[in-house]
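Computed from the coordinates by the stated procedures, all read-outs in this text should not be read as laboratory data. These numbers come from a predicted model, not from an experiment. Heads up, the Cβs are rebuilt from the backbone with ideal geometry, glycines too, and the neighbour counts pull from every protein chain shown.
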């Protein structure tokens, strides 16, 4: 039996993509930190464009990780990579002229974790996603990539399902990508399981996939016994099981107060992955990291 979460281990709430007045955000780093602290977040990562923002004088309870966002422009799409918990060397090694893979490598060399940002908003293709090596995760939901701030391309679930069906399976995070701070903040986040709220434990949990993405719904456990994927959650109105098969029975569970659902994998249909999505009565979602089906 493979279980996604450890019983009794604490969860911490965090946002890993946001901007400040150091680039194109409308709050100072100090005010942005306070906005998330007031909303009950445990950690954030400030990811200003091509700048590493730190707030050395901050002494509050929340963990603030230094980050960066690197952006690259292609003929028909853009590629944005965020680097989580990068050191100062990123400013010397990252350069737009070298392209996104070199940017990913620079983030890794700077001790950080590279994440592909808002692939649906960026019009990324599955070929582009497959070409990017050594990503830690991909944003499955990016809150600012929708009205009233953008066109409606916040949710990358379908795109990442197509990528996974073609062999590129990534763990996923949900983020705000806050710029305006007029409703685009404190909405989409991850919950990680870590021993302590330290940079080392948070980044280790991200590497291991010990977290889930959410807009509020709570996942309690996701497990796989080799044949059946099971999910336990806070009361929900819908539980979905996505895979590489367009149709399968029992893929959608609906009702009031659902706290448990199960899906039997069809190896005779060559199912290669399963993604669990939980939706509450307000339409808010949580996404578990995908389960890869062994053969």
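Listed values, structure above:
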{"quantity": "Among 110, 213, 130: highest mean-square fluctuation, GNM of the chain, C-alpha pairs under 10 Å", "calculated": "130"}
{"quantity": "Residue with peak Gaussian network fluctuation, the chain [Cα springs, cutoff 10 Å], from 85, 142, 244", "calculated": "244"}
{"quantity": "Projected label distance in nm at residue 152 and residue 123, using a 7 Å step from Cα toward the beta-carbon", "calculated": "2.0 nm"}
{"quantity": "Cα long-axis angle, helix 199-208 against the chain (0 to 90 degrees, to the nearest 10)", "calculated": "40 degrees"}
{"quantity": "Choice from 108, 160, 74 showing the highest fluctuation, given a GNM over the chain with Cα pairs closer than 10 Å", "calculated": "74"}
{"quantity": "Nearest-ten-degree value, helix 29-38 long axis tilted from longest Cα axis of the chain", "calculated": "40 degrees"}
{"quantity": "Percent breakdown of C-alpha pair distances by 10 Å bin, ordered from the shortest bin, for segment 27-149", "calculated": "13, 41, 34, 11, 0"}
{"quantity": "Spatial separation of Cα centroids for segment 6-72 and segment 255-282, in angstrom", "calculated": "32 Å"}
{"quantity": "Shape box of segment 219-292 [Cα atoms, principal axes, largest first, Å]", "calculated": "35, 22, 16"}
{"quantity": "Rounded to 5, percent antiparallel among DSSP beta bridges of the chain", "calculated": "80 percent"}
{"quantity": "The chain - mean residue ellipticity at 222 nm from DSSP helices (-39,500 (n - 2.57) per run, n ≥ 4, rounded to 500)", "calculated": "-4500 deg cm²/dmol"}
{"quantity": "Cβ-Cβ FRET estimate between residue 28 and residue 264, R0 fixed at 41 Å, reported to 0.05", "calculated": "0.20"}
{"quantity": "Potential extension, residue 101-residue 58 segment - 0.36 nm per residue separation minus Cα distance", "calculated": "12.2 nm"}
